[in-house]
Amino acid sequence: MGWTNKLTLGSERNRERCPEPGVKDAWTYVSGYFENSQDSVFGVVIRSDFESRLRVHFQDPNRPDEDVAWYALRNAVYAVGCRAAASMDRTREFAEIQSESMRFFHNAFSVLSELLFMPGGLIAIQALIVMTSFAELLGSPSVEYMLCASATRLAQSKGLHREPSRAWNLPRSETLHRKCVFWAAYCYDKNIALRSGRPSALDDDEISCEMPKEIPDGSTLDIAVMTAAIEHARICAKISKRLLSVQAFNESPTSLSETIDQLEEELRLWRNSLPNNLTFPKQNDHRLSNNSYQLKANILRLHCSYWSSIITLHAIFHYPWICSAVTHQKPFFEDRIFKSSARSAEASRQILSTLRDFWLDASFSSP
């Protein structure tokens with residue numbers, strides 16, 4: 001019951017919409033989102049399109065909003081951008097930054113039901129994904145699982161999980177953008193499902209959408225970062241299905257041990273396949289400090305993703321309340337316990353050691 005409470009939104013949520021920022025602050029937040037937030041590299045929001053529409057919005061700011069999806073997306077970008085921009089000022093307190101950005105998140109959240117059940121297009125999915133990005137940084141599982149599930153369900157209802165038919169005659173730029181939006185949702189879904197221990201909203205066997213290989217015009221997409229994130233998310237999906245499902249707990253310890261070794265080898269191959277500019281630098285290597293803030297954040301996220309996945313892999317034989325569920329079939333293997341415990345400890349040390357190389361602030365999330 002205690003864990004479930006942490007996966008829900010508190011009753012203290014403000015139900016009144018807050019005033020939106022003025023022109024100057026709005027543009028500061030927009031710049032913060034596209035230039036400093038680590039998730040803008042997924043290309044969910046096309047910067048040129050967003051900024052063009054925002055200029056039109058400010059030409060008549062008193063005009064009533066008729067497009068709730070645009071209202072939600074605008075405020076979601078404000079929320080993430082406000083936090084990203086404020087985090088660059090290292091004199092401000094975390095609680096102050098969080099409180100300021102939460103006002104815009106609540107604005108976007110206030111139209112959640114309209115996003116899900118009223119007619120809408122790609123913008124509604126974008127808004128939900130950006131809201132998920134914000135929710136990941138709230139310091140607890142909170143609403144990220146439900147927001148992400150909503151985003152992926154809505155994406156599937158719009159057919160984003162399928163490769164577009166030529167008969168649709170979609171413009172090339174829209175086809176590329178749809179791929180970015182879907183695969184960003186996929187990465188969030190698989191990582192959040194693994195972290196929370198809840199089922200994914202996506203069935204990999206139903207996906208035919210190709211990974212993005214080109215950058216849409218006006219996009220902040222980083223293909224190398226996104227490709228690495230997608231490939232890791234696919235391994236996360238295998239870990240959830242083969243180790244954390246109900247069926248997995250009916251497997252013998254020997255079978256589970258073999259599965260762990262197979263998946264760990266996949267993780268090792270994934271990490272070794274990362275391009276040189278995305279690998280975590282060794283001691284006395286100054287590559288990390290020479291990179292942009294966004295790239296540094298994503299390098300660190302990939303690094304933590306690897307080691308947190310190692311911990312998850314070995315948890316079934318390391319944590320007593322989990323291993324007790326799978327060891328009733330035969331005597332437990334002491335060497336397996338020792339190996340898994342050692343790997344989990346090493347992974348934990350690797351994650352902690354990164355604290356020496358990076359300034360962790362209110363705009364950074366890790367697995």
Report task. Work out the charge dipole of the range 181-250 with +1 on the Cβ of Lys and Arg and -1 on the Cβ of Asp and Glu about the Cα centre, then indicate which of Ser196, Ala229, Tyr186 is farthest towards its positive end. Result -> Ser196
Query raised in the report: Cα atoms only, the range 186-312: Rg and Dmax in Å?
Result: 16.2, 52
Report summary line: Simple spin-label estimate for Ser173/Leu355, 7 Å along Cα→Cβ, in nm, reads 4.6
Query - Three semi-axes of the equivalent ellipsoid, the range 110-217, Cα gyration tensor, whole Å, largest first - result: 24, 16, 13
Requested in this report: Would you mind checking the pairs Lys213/Lys339; Lys24/Lys179; Lys179/Lys238; Lys24/Lys213 and listing those with alpha carbons more than 29 angstrom apart?
Outcome: Lys213/Lys339; Lys24/Lys179; Lys24/Lys213
Report summary line: Percent of all alpha-carbon pairs of the range 121-168 at distances over 15 Å, whole number, is 48
Query raised in the report: For the range 204-214, in order, what is each residue's ³J(HN,Hα) by Karplus, 6.51 cos²θ - 1.76 cosθ + 1.60 with θ = phi - 60°, in whole Hz (x at glycine and Pro)?
Result: 4, 6, 9, 9, 10, 4, 7, 5, x, 10, 10
Report summary line: If amide H atoms are modeled at 1.01 Å from N in the peptide plane, then the residues at a separation of 5 or more from Ile215, or on another chain, having amide H under 5 Å from its own are none
Query raised in the report: Where does the Debye-calculated log10 I(q)/I(0) of the range 203-268 sit at q = 0.21, 0.26 Å⁻¹, using only Cα point scatterers of equal weight, no solvent?
Result: -0.93, -1.15
Report task. Write down the accessible area per residue of the range 189-294 in Å², having rolled a 1.4 Å probe over the full set of protein chains. Result -> 52
Report summary line: Hydrodynamic calc, the range 25-135: Kirkwood Rh from Cα pairs, then Stokes-Einstein at 37 °C with viscosity 0.692 mPa s, so D in µm² s⁻¹ is 233
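The values are calculated or read from the model by the stated rules, or taken from the named source; none is laboratory data. For clarity, every value in this text was computed on a predicted model and none was experimentally measured. Please note: Cβ atoms are built from the backbone with ideal geometry, for glycine as well, and neighbour counts cover all protein chains shown. The area values use the complete protein model at the heavy-atom level, side chains included, leaving out ligands, DNA and RNA. Shrake-Rupley method; radii C 1.70, N 1.55, O 1.52, S 1.80 Å.
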